[in-house]
Amino acid sequence: MTATDIFPPNRTEALSRLQRFLPHAGRDYAAQRNYDRGAGQHTGVSTLSPYLRHRLLTEEEVLRAVLGRHSRSAAEKFVQEVFWRTYWKGWLEMRPAVWGGYRAGLDQAWDRVQTQSGLRAEWEAACLGRTGIDCFDVWARELAETGYLHNHTRMWFASIWVFTLRLPWELGADFFLRHLLDGDPASNTLSWRWVAGLQTRGKTYLARASNIRKYTEGRFDPKGLASEAPALDGPPHPPRMAPPAGDSFDPARPSVLLLHEDDLSPAWLFDRGLRPLATATLDATDGFSPLHPAPHLGAFKRGAFADVTQRWSDRLGPVTEGLRTPEDIGTWARDAGAEQIVTVYAPVGPTADILNRIDALPLRRLLRPFDAEAWPYATAGFFKFKDKIPTLLGAMAGIRAA
Ligand SMILES: Cc1cc2nc3c(=O)[nH]c(=O)nc-3n(C[C@H](O)[C@H](O)[C@H](O)COP(=O)(O)OP(=O)(O)OC[C@H]3O[C@@H](n4cnc5c(N)ncnc54)[C@H](O)[C@@H]3O)c2cc1C
């Protein structure tokens, strides 16, 4: 089975996964979510992340469905987890230099891999699952083969990478981004930073054998793990910028629609009057890593784009696939007769890096109301943000109050 057999890249699959998971999103989730029972057995969690990451399914849809079935108190844990993605995006949006810092650190680490044979051998062993730490090796292979890892396992894996194997954290974050179907600049970069003690200053995550034994139900009992996790050193957080406001657009002006992998649910744009002359899909893969990503990432993204353009074919006009550069986007939009390019606001990451360089025509980035409401609250830690969840749910019409 390939990763895209396990995670077929379409909305129908996302919806049926949501339906299957719904009965378990309440107290079952709170009790089961930390157990990793192995590849193909991730029944305690939703496995919705590849779909949420690309918004083949939106956070609002998931929250509505879950809170339509469970009380807020029963679903509290699951709802909070859904908002972790939102929180990380908002945090990075207000400190975009942290993404640039990660990319610069990655380039330096990659230079060292190319010039230091010892480091190269250790890095290769970790990526290929040949370290001799049995759980770690199984997880490296599970990630490479399935494009997914359980959350608890991501924490253990990152901790072993940084504190036992003592490899540069950026190379681990890159290994994840090259293989995860849900690979996300904000959740991934900031979670790795959190494990390493760079995000919540001085607070690290230490993977302990007893914890691994318990939550893998005895499948693993690793020996030789680091017994302490001293925080890595790094620059202070950059000053916080204002959250983005997003643009408006004039539906009367000739427009084209640029679809990208950060948001593949365009219905709300049509509700706002967008009638595109043509549509293109943006391929931002090159900006994820200096190395080639796993083939399943391209397959998932192509499948997801095909799914969305097919479902909305009567609204999109002619579709051009896989534009990669600002210049190509400008040429395509002009040739289509457009006066403006409309797109959903993309959070910090490879897509936004390309959008930031489009100058051929006015680019109108429409900020999804869910993001506009939530991101400004990501000023400090998650615990402060969490207090705003009732307000954010209240802003979503139709959410059950109890
Ligand atoms: C080192 C590390 C790297 C990570 N990299 C990524 C990444 O690149 N992309 C990514 O989407 N998530 C990442 N996560 C977060 C989390 O592990 C995944 O979102 C989660 O495992 C997805 O599986 P699920 O859908 O079955 O989760 P569930 O437990 O069913 O949670 C439901 C949804 O809540 C959100 N969510 C849950 N936990 C988190 C979390 N800790 N942070 C952010 N959102 C969360 C996801 O959208 C998820 O689909 C990372 C975590 C760690 C520790």
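How much of the DSSP bridge set in the stretch 255-366 is antiparallel, in percent, rounded to the nearest 5?
Of the beta bridges lying entirely in the stretch 255-366, close to 5 percent run antiparallel.
Calculate the spin-label point distance for N356 paired with W84, positioning each point 7 Å from the Cα along the beta-carbon direction, and give it in nanometres.
Between W84 and N356, the simple spin-label model gives 2.7 nm.
Antiparallel as a % of all DSSP beta bridges within the chain, to the nearest 5?
Once the DSSP bridges in the chain are tallied, antiparallel ones form about 5 percent.
If a/c stays under 1.5 just call it rounded; otherwise compare a/b with b/c (prolate if a/b is bigger, oblate if not). Do that for the stretch 97-215, with a ≥ b ≥ c from the square roots of the Cα gyration tensor eigenvalues.
It comes out rounded by the Cα gyration axes.
Do any trypsin sites (Lys or Arg not before Pro) in the stretch 278-352 lie in a loop, going by DSSP, with at most 16 other beta-carbon atoms within 10 Å of their beta carbon, and if so which?
Here the trypsin sites (Lys or Arg not before Pro) that fit, given the DSSP loop and packing criteria, are R324.
If one takes the longest principal axis of the Cα atoms in the chain, at what angle in degrees, from 0 to 90 and to the nearest 10, does the Cα axis of helix 97-115 lie?
50
Classify the stretch 1-73 from the C-alpha gyration tensor, please: rounded if a/c falls under 1.5, else prolate or oblate depending on whether a/b exceeds b/c.
Judged from the Cα gyration tensor, the stretch 1-73 comes out oblate (a/c at least 1.5, b/c at or above a/b).
Relative to the first principal axis of the alpha-carbon coordinates of the chain, what is the inclination of helix 169-179, with its axis defined by its Cα atoms, in degrees from 0 to 90 and to the nearest 10?
Between the helix axis and the principal axis of the chain, the angle is about 60 degrees.
Give me the distance in nm between label points sitting 7 Å out from Cα along the Cα-to-Cβ direction at L291 and D250, one decimal.
With each label placed 7 Å out from Cα toward Cβ, I get 4.9 nm.
List residues of the stretch 41-80, by number, whose backbone nitrogen lies under 12 Å from a label position 7 Å along Cα→C-beta of M1.
Output list for this probe position: 41-43.
Which value in nm describes the separation of the simple spin-label points at D271 and R20, placed 7 Å from the Cα toward the beta carbon?
In this crude spin-label approximation the distance works out to 2.9 nm.
Setting aside same-chain residues fewer than 8 positions from K77, which lysines have a Cα under 25 Å from its Cα?
Result set, ordered by chain and number: K89, K203, K214, K384, K386, K388.
How high is the relative contact order of the stretch 90-248, in percent, counting Cα pairs under 8 Å that sit 6 or more residues apart?
Across the stretch 90-248, relative contact order equals 25 percent.
Hey, what did the chain get for relative contact order, percent, Cα under 8 Å, at least 6 apart?
The normalised contact order for the chain reaches 21 percent.
Collect residues whose amide H, placed 1.01 Å from N in the peptide plane, falls under 5 Å from the amide H of Q340; neighbours closer than 5 in sequence don't count.
V256
Once the Cα atoms of helix 134-146 and of the chain are each reduced to a long axis, what angle between those two axes, in degrees from 0 to 90 to the nearest 10, is obtained?
Roughly 20 degrees, rounded to the nearest 10.
Kindly state, to the nearest 0.05, the FRET efficiency for R27 paired with T391, given R0 = 22 Å and r defined as their beta-carbon distance.
With R0 = 22 Å, the Cβ-Cβ based efficiency is 0.35.
Each reported figure results from applying straightforward, stated rules to the coordinates on display, with no laboratory input. In this text, all values refer to a predicted model and were calculated from it rather than measured experimentally. When we count neighbours, we look across all protein chains shown, and the Cβ atoms used for this are built from the backbone with ideal geometry, even at glycine.
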